[in-house]
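Down below is the structure, laid out as C-alpha cells.
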Amino acid sequence: MSMKLDARIPDGPVEGKWHSWLDSHRLVGPRNRGDYEVIVVGTGLAGASAAATMAGMGYRVKAFCFQDSARRAHSIAAQGGINATKDYANEGDSVHRLFVDTIKGGDFRAREANVWRLAELSTGIIDQAVAQGVPFNREYGGMLATRSFGGVLVERTFYCRGQTGQQLLLGAYQALQMQVHAGQAEVMSRHEMLDLVVVDGRARGIVARNLTTGEISAHAADCVVLATGGYCNVYYLSTNAKNSNATAIWRAYKRGAGFANPCFTQIHPTCIPQSGDYQSKLTLMSESLRNDGRIWVPRNADEDREPSEIPEEDRLYYLEERYPSYGNLVPRDVASRQAKIVCDDGLGVGPTGRGVYLDFRDAIEEKGEETIAGRYGNLFAMYERITGESPWKTPMRIYPAPHYSMGGLWVDYGLQTTIPGLFAIGEANFSDHGANRLGASAMMQCLADGYFILPHTVTDYLADLDTETDPNDPAFRETVLAAEERVGKLMGVGGTTAPSVFHRRLGQIMLDRCGITREKEGLESAIEDIRELREEFWSDLRVPGTGEELNQSLELAGRLADYFELAELMCADAIERDESAGCHLREEHQTEEGEAVRDDKLHATVQVWEHRGEDERPDLHHEHLSFDEVEPTARSYK
Amino acid sequence: MNFKLRVWRQPSEGNEGGFEAHEVSGVDPEASFLEMLDILNEKIVADGGDPIAYDRDCMEGVCGSCSLLIDGIPHGPRQVTSCQTFMRDFPDGAEISVEPFRNSAFPVIRDLVVDRSPLDRIIEAGGYISVTSGPQPEPNTNPVRPEDQEHAMDAAICIGCGACVAACPNGSAMLFTGAKVAHLNSLPQGDPERFDRAHGMVAQHDEEGFGGCTNFGECQAVCPQEISIKVIGELYHDYRQAMLHRLRARRGAVKPQ
Ligand SMILES: Cc1cc2nc3c(=O)[nH]c(=O)nc-3n(C[C@H](O)[C@H](O)[C@H](O)COP(=O)(O)OP(=O)(O)OC[C@H]3O[C@@H](n4cnc5c(N)ncnc54)[C@H](O)[C@@H]3O)c2cc1C
C-alpha cells in the first residue's frame, strides 16, 4: 500500500479558498456532538486552544500532556510576540503582505493556500485572546500596542512584555479548565502517549503511560489530534523545554503517517552560548536585541584583550560588512551561518570559542541608557542572571542554537495526516513555514490551527464517519502489548550508561553534520555514526528502577530511542534535498559569496517519507508546490 | 566546586521518606542547581543506584515545573526558580539540603516530585473569562488603561509553581489565587464575573485544604515573579462583595433606592 498525498486544496482564487471550504464542509448538529470523543495529545498553544474550542462546541475532549499541568507546556516560554495584520499603525499592512512575507521567509517551500489562510485568520486570534483577558501591551490611549519583529517592514507584532507565550498559553489553558469545570473536557496530565491505535486504517485512539504509576493503557476516541510540539531536542542542546520530544509524531509515522521535510530545522542566532558539558539546555535571547546591538568578533584569532579594550580597527563587524543594507538584521539563517563561519575561522569568543559579541556600547551612547533600558532592560537582567555578566559593561556573547522544527507530520489542507482520523497541529505538523519560519509566526500558526481551523476540519471528518470506535477491538490490546514490550526492552538492556550520556553524543553528531550547514559526505557519515551509537545505546543503556513507578530515566530513554531513528531520517532527508533552501544550507549549493542557491525546478516540493518497516529504507514521496500568487525569487539581503 | 548534599528520597506517596547524603565534586560554578543534580544523577546511575526524581522543563524560570526546597527555602536563596539558581550562589564546599515543596495539599509523588493539581482545580473554579472560541469584538472598541493593563500583567505573570504555598506557615495558596483574581478582575473583560470568580476560587482553595492567609508575607518573599501580597487584598475585597451579593440573593433582590 503506497501513500497518496492529496492536499485537498479547495478550488478558486487563493483569497476565497477558506471561505468556500467553510461554506461547503459537513456539519455535526449540536445535539449529536456529545456522542463523539476527541483525543488531543498536547496542551501547548495548539493543543489547549483546540481542546478548549472543541469542548466548547460540545464534543467530549480528552487532552493529554506529560507535565503535571496543562499550563506548563513548552509554549509557555515564547517571548517576543505574535503577528497579526491589524494594521493599527496604518502602514498599509494587509493579509496579502503577511502572506507574501511568510512565503518568502519560508524560501518558497510552503503551500500558498495554507499560508494565505493563516494570514487571514491572524487578526481573529488577537480578538479571541483579548476577550479571554490576555493582557497585551497598550498605548497611552488604551489601544493595543504593536512593534516590528524579525526584520519585517511593518509593526504587526502584538506582545505582553517579554512573556507573550505565557500569557497566550494561560488564556488557552484557562479556557480549557473552564471546559473541565463544565464536564466537557478531561485533562490527563503526567501521561505520555507511546503509540497510536489504528483500526482498519483509521486512527481510533492512543496508548499512553501514566507517568506516576507506570501503567500503560489504551484510550479510545473517534479521532486523534497530535499537538505535541517540535523535535529540536534531537540536537540535545536546544532552546526547547527539556522534555519536549518527538515520540508521539514518530510513533504515528511508524503507524503510517507521512513525515514531511524532517531536515528543516531552524537554528536561532541569538542564544546564550554553551558554557560547559554539564549544560542541559540553551537559553534564547530575544531577536529584538539585533535592532540595537552590533555583532562582531575580533579580527585577530590571537586577540586576548577585554572586548571593551579592543579598538574599532581590530573589530570585525562581519554582518555589517557583508550585508551593508540589512546589516545586523539579516534573517535568522543568514545570521546563524555567518556566526558559524567566523567561529570556524577561529575568531569566536568566550571559553569554548563558539560565541560572538552582541554589543550595545554604541546604542547606549547614541540613544541613552534610559531608552535602551526601556527596550531591553528585562533581557539584560535575564542575561546577567544566567551568565553573571552585565551587558551594560561588556558585550553579550551569543551563539546560534537549534530552536524550531519546520518539518513534522505531513497534513492536508484540513490538517489531517495520511492516516484518516489523525490530525496534527502546531509545531508538530510540517505546517506553513516552509524551509524557514519568521519570528512571531509560530504562535500565530498554533492558535489559528487550534481555535479556528481544526475544530471545523474535525467536524467535517466526524460528520462523514459512519462507523463507531470499538474499544474492544484487538488492535487496542495489541498496541498496549507492543508498548509494554518496548518498555521492557529499554528496562532490560542491563548496561551501565545513563540515557543523557548517549543523548549528548547524538546531539553533537546532529549539530556538526545536520545543523547550520550540511554537506553530502558529512550527512552520510552522520548516518553511519548514528547507527553505531544507536547500537551502543541498545547494548550499554542502564535504566534503573522498574517500569511500574515514576521513572524519569525510562522516560528519557524512550524518547531518545525515537530520536535515534528520527535523526537518521533527518539526515536522509537532508541528502535528498539537494539544494539550499531557507535554513537548510547545503555547502554544495551556494554562490561564491556563500549565499544559498535553491533549485526550483527539481525541489519546489515537500519531501514526505513513508515508513516501510524496521531497518528498511523508507519511501520518499513528493508533494509539488506551485506558486501562483508570488513569483519565486532569490533572496538578497546585500 | 564541591558540595555535600542531603537529598529527600521517597519511593512513592504512601511510603516513608528520609534524607540521603551525597557528594558532588568538580561542579562548574556556572551550572544551575538542576544541572548540578543532573551531574549527581549520572554518577548515581553509573554507580548502580537510583537517580533522584525532580520536575523541570523550560529551564528558563517560566514553566513553573521545578519545585525544590533548598536549605528550607522554596527555590533557594535568591528568589528565583530552582532552575535559575546557580551553583556560583553557594560557597564552595557548602552543605545543602534539598527537599520537595512541603504542604499537605501537595502530596509527594516521588523524591522531589509533588502533586500540585489542587492549583489547577482552583483555576477551574473561576480563573477564566467565560468566552468560547469564535468571532469576538474588535479589541480597540474597548480601550484598557495602560496602568490597568500593567496591573493585570503584574499579577498574570504568576507561573503557578506553588512556592508561595510552600513558604506559608499556614500553607495558604492565597497569593496564587489572588494573582489570578487580580489579573482578570482588573480588566474590563473580567468585570462581569468578578464576584463569582472570587467566591468560586476561594471556596475551592479552602476545599483543597489550603490554610487561610494571616499576612505573614512569606509568600511574596519567595515568589520568583515578585508578585505582591497586595493581590490578596484585592481578592478579599471582591470576595467580601461576593458574600454580600449572595446574601442579597438569598433574601431576595434589594431594590436600589
Ligand atoms: C524560547 C522560545 C521562544 C519562542 N518565542 C516565540 C515567539 O516570540 N513567537 C512565536 O510565534 N513563537 C515563538 N517560539 C516558538 C513557539 O513557542 C512554539 O513553536 C510553539 O509554542 C509550539 O507550540 P505547540 O502547541 O505546537 O507545542 P508545545 O507548546 O511544545 O506543546 C507540546 C505539548 O505536547 C505534549 N506532549 C508532547 N509529547 C507528548 C506525548 N508523547 N504524550 C503526551 N503529551 C505530549 C506536551 O506535554 C505539551 O503539552 C519560541 C520558542 C522558544 C523555544
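General remarks:
- Any hit, the range A:181-202, residues being within 24 Å of the chain's Cα centre (by Cα), away from the ligand (no atom under 14 Å from the Cβ), surrounded by 24 or more Cβ atoms within 10 Å (Cβ to Cβ) and away from chain B (no Cβ under 14 Å): no
- Scanning the range B:17-25 finds one or more residues that are over 24 Å from the mean Cα position of the chain (by Cα), within 14 Å of another protein chain (Cβ to nearest Cβ) and at pLDDT 95 or above.
- Within the range B:97-134, the set of residues being more than 8 Å from chain A (Cβ to nearest Cβ) and in a helix (DSSP H, G or I) comprises B:P118, B:R121, B:I122.
- Selection of strands (runs of 3 or more DSSP E) fully inside the range A:178-273 by the criterion of at least 1 residues being over 18 Å from A:V38 (Cα atoms) returns A:202-210, A:216-220, A:265-271.
- Restricting B:D38, B:D92, B:D28, B:D50 to those that are assigned to a helix (DSSP H, G or I) and away from the ligand (no atom under 16 Å from the Cβ) reduces the list to B:D38.
- Any pair with Cβ under 8 angstrom, 6 or more apart, that starts in the range A:158-175 at a residue that is more than 10 Å from chain B (Cβ to nearest Cβ) and ends at one that is among the small types (G, A, S) and more than 9 Å from the ligand (Cβ to nearest atom): A:Y159/A:A145; A:L168/A:A129
- Residue-level check: of (1) within 6 Å of the ligand (Cβ to nearest atom); (2) modelled with pLDDT of 95 or more, A:A78 misses just (2).
- Any pair with Cβ under 8 angstrom, 6 or more apart, that starts in the range A:382-393 at a residue that is within 14 Å of chain B (Cβ to nearest Cβ) and within 21 Å of B:F33 (Cα to Cα) and ends at one that is loosely packed, with under 13 Cβ neighbours inside 10 Å and of a type outside the set (A, V, I, L, M, F, W, C): A:E384/A:S390
- For the range A:244-277, a residue qualifies if it is out of contact with any strand residue (DSSP E or B) (no Cβ under 9 Å at 6 or more places or on another chain) and hydroxyl-bearing (S, T, Y), and the qualifying residues are A:S244, A:S275.
- Residue match in the range A:286-296 (condition: within 13 Å of the ligand (Cβ to nearest atom) and part of a loop (DSSP other than H, G, I, E, B)): yes
- Flag for A:I126 being free of Cβ contacts under 8 Å to residues at least 60 places away in the same chain and either surrounded by 24 or more Cβ atoms within 10 Å (Cβ to Cβ) or farther than 30 Å from A:Q607 by Cα (or both): yes
- Of all residues in the range B:187-215, those that are closer than 19 Å to A:A175 by Cβ and in contact (Cβ under 8 Å) with a residue 24 or more places away in the chain total 11.
- Any chance B:D154 is touching a strand residue (DSSP E or B) at 6+ places or on another chain (Cβ under 9 Å) and within 14 Å of another protein chain (Cβ to nearest Cβ): no
- Whenever a residue of the range A:238-260 is within 14 Å of chain B (Cβ to nearest Cβ), its partners that are small (G, A, S) and near the ligand (Cβ under 8 Å from one of its atoms), lying with C-beta atoms within less than 7 angstrom and at least six residues away or across chains, give the pairs A:N240/A:G230; A:A241/A:A77; A:S244/A:G229; A:S244/A:G230.
- Residues in the range A:39-74 that are of a type in the set (V, I, T) and at positive phi: none.
- Inter-residue pairs, beta-carbon under 7 Å, first among the charged types (D, E, K, R) and in the range A:185-197, second part of a strand (DSSP E or B) and more than 9 Å from the ligand (Cβ to nearest atom), 6+ apart: A:E186/A:K62; A:R190/A:N210; A:D195/A:V207
- Every residue from the range B:64-95 that is surrounded by fewer than 21 Cβ atoms within 10 Å (Cβ to Cβ), more than 12 Å from chain A (Cβ to nearest Cβ) and over 17 Å from B:Q10 (Cα atoms): B:D71, B:G72, B:I73, B:P77, B:P91, B:D92, B:G93, B:A94, B:E95
To keep it simple, each residue is scored yes or no on (1) within 20 Å of B:S117 (Cα to Cα); (2) part of a helix (DSSP H, G or I); (3) modelled with pLDDT of 95 or more.
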position	(1), (2), (3)
B:I227	no, no, yes
B:L235	no, yes, yes
B:L244	no, yes, no
B:L247	no, yes, no
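- When A:S325, A:S286, A:S308, A:S275 are screened for being within 30 Å of B:T85 (Cβ to Cβ) and more than 14 Å from chain B (Cβ to nearest Cβ), only A:S308 passes.
- Checking B:P137 against (1) in contact (Cβ under 8 Å) with a residue 12 or more places away in the chain; (2) within 9 Å of another protein chain (Cβ to nearest Cβ), the condition it does not meet: (1)
- Of all residues in the range A:1-36, those that are under 27 Å from the mean Cα position of the chain (by Cα) and either surrounded by fewer than 21 Cβ atoms within 10 Å (Cβ to Cβ) or within 16 Å of the ligand (Cβ to nearest atom) (or both) total 11.
- Within the range A:516-558, being within 14 Å of another protein chain (Cβ to nearest Cβ) and under 28 Å from A:R354 (Cα atoms) holds for one residue alone: A:L556.
- Selection within the range A:472-500 - under 16 Å from B:G49 (Cα atoms) and assigned to a helix (DSSP H, G or I): A:M491, A:P499, A:S500
- Among residues of the range B:23-58, those that are of a type in the set (D, E, K, R) and either buried (at least 20 other Cβ atoms within 10 Å of the Cβ) or outside the structural domain of B:I96 (by TED's automatic domain parsing) (or both), counted: 5
The values are calculated or read from the model by the stated rules, or taken from the named source; none is laboratory data. Only a predicted model underlies this, so the values are computations on that prediction, with no experimental measurement involved. When we count neighbours, we look across all protein chains shown, and the Cβ atoms used for this are built from the backbone with ideal geometry, even at glycine.
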